[in-house]
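The values are calculated or read from the model by the stated rules, or taken from the named source; none is laboratory data. In this text the structure is predicted, and so the values were computed from the model without any measurement. Neighbour counts run over all protein chains shown; Cβ positions are idealised from the backbone, glycine included. With ligands, DNA and RNA removed, areas are computed over all heavy atoms of the protein, side chains included. Shrake-Rupley method; radii C 1.70, N 1.55, O 1.52, S 1.80 Å.
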Amino acid sequence: MGNRKRIKFLGDSLDGLRSFSDSARKDAGFQLDRVQQGLDPDDWKPMQTIGQGAREIRIRDTSGAFRVLYVVKFVDAIYVLHCFQKKTQKTRKADIDLAKARLEQLLKDLNR
C-alpha cells in the first residue's frame, strides 16, 4: 500500500498510548494500522462533540476500556488527539475538552 497515511501524535497522546496494557496497546496499533490503510477500526464511533471528522477507537481488554481519539479527514496524516483509559461509563469532559483543544490548535496550525 503505497498511499498509507502517516500517523502524527499530538500533545502527550503517544505517552497515553504507551501507558495502555500490553494487549490494549497491541490492539490500538492494529486498529491504527487499519486506519492507515483507509479501513475503519473494528469498534469505533464518530465524536462530533470533539469536532467534525473526529473519531474514537474503542478497545476493551481484561484491564479495562481504552480510547484513541483521532482525526482522519486530512490528506497528509492521521492525527491522534488523545489516548486514555476510560474509568467510567461516560467519557470524562476533561478528555473531550483536551481532544477538542488539540483539534482546534491543529486546525489553526494547518491554516497558517
Subject >> 9 Å beta-carbon shell around residue 83, net charge (K/R +1, D/E -1) >> reply: 0
Subject >> Difference of contour (0.36 nm per residue) and Cα-Cα distance, residue 33 to residue 93 >> reply: 18.8 nm
**OP:** Between residue 62 and residue 77, with labels modelled 7 Å along Cα→Cβ, what's the label distance in nm to one decimal, could you check?
**Re:** 3.6
Subject >> q = 0.10, 0.14, 0.19 Å⁻¹, the chain: log10 I(q)/I(0) [Debye, one scatterer per Cα] >> reply: -0.26, -0.51, -0.96
Subject >> In order through the range 9-14: 3J(HN,Hα) via Karplus (6.51 cos²θ - 1.76 cosθ + 1.60), integer Hz, x for Gly, Pro >> reply: 9, 9, x, 9, 4, 5
**OP:** Treating cross-link reach as a plain straight distance, find the lysines whose alpha-carbon is under 23 Å from the alpha-carbon of residue 100, omitting any fewer than eight places away in the same chain.
**Re:** 5, 8, 45, 73, 86, 87, 90, 108
**OP:** Quick one: which residues, 5 or more positions from residue 65 or on another chain, have an amide H under 5 Å from its amide H? H modelled 1.01 Å from N in the peptide plane, none for Pro or chain starts.
**Re:** 86
Original post:
Carbon and sulfur atoms: what percent of the 1.4 Å accessible area of the chain do they account for?
Top reply: 49
Subject >> Which of 75, 28, 3, positive extreme of dipole for the chain (C-beta unit charges) >> reply: 75
Subject >> Accessible area (Å², per residue) of the chain, counting only protein heavy atoms and a probe of 1.4 Å >> reply: 59
**OP:** Count neighbours as other Cβ atoms within 10 Å of each site's Cβ, and list the trypsin sites (Lys or Arg not before Pro) in the range 2-84 that are DSSP loop with at most 14 such neighbours.
**Re:** 4, 73
**OP:** Starting from the coordinates of the alpha-carbon atoms of the range 63-112, obtain the Kirkwood hydrodynamic radius over all distinct pairs and give the value in Å to one decimal.
**Re:** 12.0
Original post:
For residue 21 and residue 108 in the same chain, what is the full-extension length gain: residue separation times 0.36 nm, less their Cα-Cα distance, in nm?
Top reply: 28.0 nm
Subject >> Under the Karplus curve 6.51 cos²θ - 1.76 cosθ + 1.60, θ = phi - 60°, whole-Hz ³J(HN,Hα) for the range 40-47, x wherever Gly or Pro sits >> reply: 7, x, 5, 9, 8, 8, x, 10
